[in-house]
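The structure appears below as structure tokens.
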Amino acid sequence: MTKINTVLGPISPEDLGLTLVHEHIAAGYPGWECDPLSRPYDRGKMAKVCMRALEPVKSYGLNSIIDATTMDLNRDVDLLKEVSEKLQIHIICCTGRYTEEEGKWAYLKVRSRLKIDDMYTALYEGFLHEITKGIGPSGVKPGVIKVATGLKHISPLEEAVLKAAARASKETGIPIITHTEGGTLGPEQAELLTGEGVNPKSIMIGHMCGNPSLQYQVSVLNNGVQIAFDRFGLESFVSDKVRIAALVGLLGVGYTDRIMLSQDCTGCASGRGGQPPAEVRQTAANSSFFHIFLNIIPALKQAGITDEQIRALLVNNPRRLFIGE
Ligand SMILES: [Zn+2]
């Protein structure tokens, strides 16, 4: 019987319920900690901001969130525990790494250059340690492994991450979720991971709504993997209208059991604060943890998508990702 690791301990797949599969409750881009003007890191304050952002989504019946914040994006499992406990939602955190360009790599690169250890093995051991022993002294175990590739090119380092994750996933049964950049490399990620022998049903290729080409979507789905339309509300490159059109098309030709939804929303970001200018803010005007429930589901229903199909996207498919079926 599969158990899913949440930040408060294991749950059964049946307990997952309505699930958002790619959000960031709190995160920080590498470098925020070197900004002298960054606000001091105050977990209690951050947790309060996150809870205010998350509270409204509870009224839609949300039960679980996969937090896709990797260890190099300021993942804070103690904060996640506090939010989970107080809001009574399951939070599944991840082990894993971000892209070469935007992650934190200097330490492992130096060790690998000095031949202290090789990148692949060091990464694999790190992922396995967190999955089996827990994250630092918290004892919290991740429920998913997150991997990422940059724009149009999988670097040797990113390939090592995907292969290390593949090995850790095969040995532990923990699913893999991915970040793709700018609507590229979905098919390549799916091929690489399944080529390493990972159960395709335990793979969710992320940010697929970054490329509305149905040809592209189908070339990923042909690998047997699941995909995520997980950036609703972030409209700088692709509008929600185009995402909905692509999603409705895929659902219409029989991919209802292969797609999951989310918003890639961040509840609280570390750093000095401040706002982008109005024209940039405009492209994320609808971004929130409840945007899917407030705006996207009604639009899907208007397009003829049934309640049963919506339940598949938000309840059944996340559960199937964890049980690998
Ligand atoms: Zn994300």
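Values in this text are rule-based calculations from the coordinates and carry no lab data. Keep in mind that what you see is a predicted model, and the values were worked out from it rather than measured. As a convention, Cβ positions derive from the backbone with ideal geometry for all residues, glycine included, and neighbour counts pool all protein chains shown.
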Within the set of pairs 6 or more residues apart or between chains, which connect a residue that is closer than 17 Å to M204 by Cα inside region 8-32 to a residue that is within 16 Å of the ligand (Cβ to nearest atom) and of a type in the set (S, T, Y) with Cβ atoms less than 7 Å apart?
-> L20/S262; V21/S262; H22/S262; E23/S262; H24/T69; H24/T266
Kindly indicate the residue of region 143-158 that is outside any helix (DSSP H, G or I) and of a type in the set (D, E, K, R) and also surrounded by the most Cβ atoms within 10 Å (Cβ to Cβ) among those meeting that condition.
-> K146
Sort out which residues of region 30-56 are surrounded by fewer than 16 Cβ atoms within 10 Å (Cβ to Cβ) and either under 16 Å from P318 (Cβ atoms) or within 16 Å of the ligand (Cβ to nearest atom) (or both), and write them in order of number.
-> P30
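Which residues, taken from region 295-308, are farther than 14 Å from R243 by Cβ and without any contact (Cβ under 8 Å) to a residue 40 or more places away in the chain?
Step one: of region 295-308, the residues farther than 14 Å from R243 by Cβ are 298, 301-302, 304, 306-308.
Selection gives P298, K301, Q302, T306, D307, E308.
Return yes when I66 is touching a Leu at 6+ places or on another chain (Cβ under 9 Å), within 26 Å of T149 (Cβ to Cβ) and not aromatic (F, W, Y) and no when it is not. Walk me through how you get there before you give the answer.
Working: touching a Leu at 6+ places or on another chain (Cβ under 9 Å): yes; within 26 Å of T149 (Cβ to Cβ): yes; not aromatic (F, W, Y): yes.
Against the criterion (touching a Leu at 6+ places or on another chain (Cβ under 9 Å), within 26 Å of T149 (Cβ to Cβ) and not aromatic (F, W, Y)), I66 qualifies.
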Listed residues V161, V140; which is over 17 Å from V21 (Cα atoms) and in a loop (DSSP other than H, G, I, E, B)?
-> V140
Out of the residues in region 227-247 that are among the β-branched types (V, I, T) and over 20 Å from T19 (Cα atoms), state the one that is farthest from the ligand (Cβ to nearest atom).
-> V242
Just one of the numbered conditions (1) under 19 Å from N286 (Cβ atoms); (2) within 16 Å of the ligand (Cβ to nearest atom) is not true of G206; which one?
-> (1)
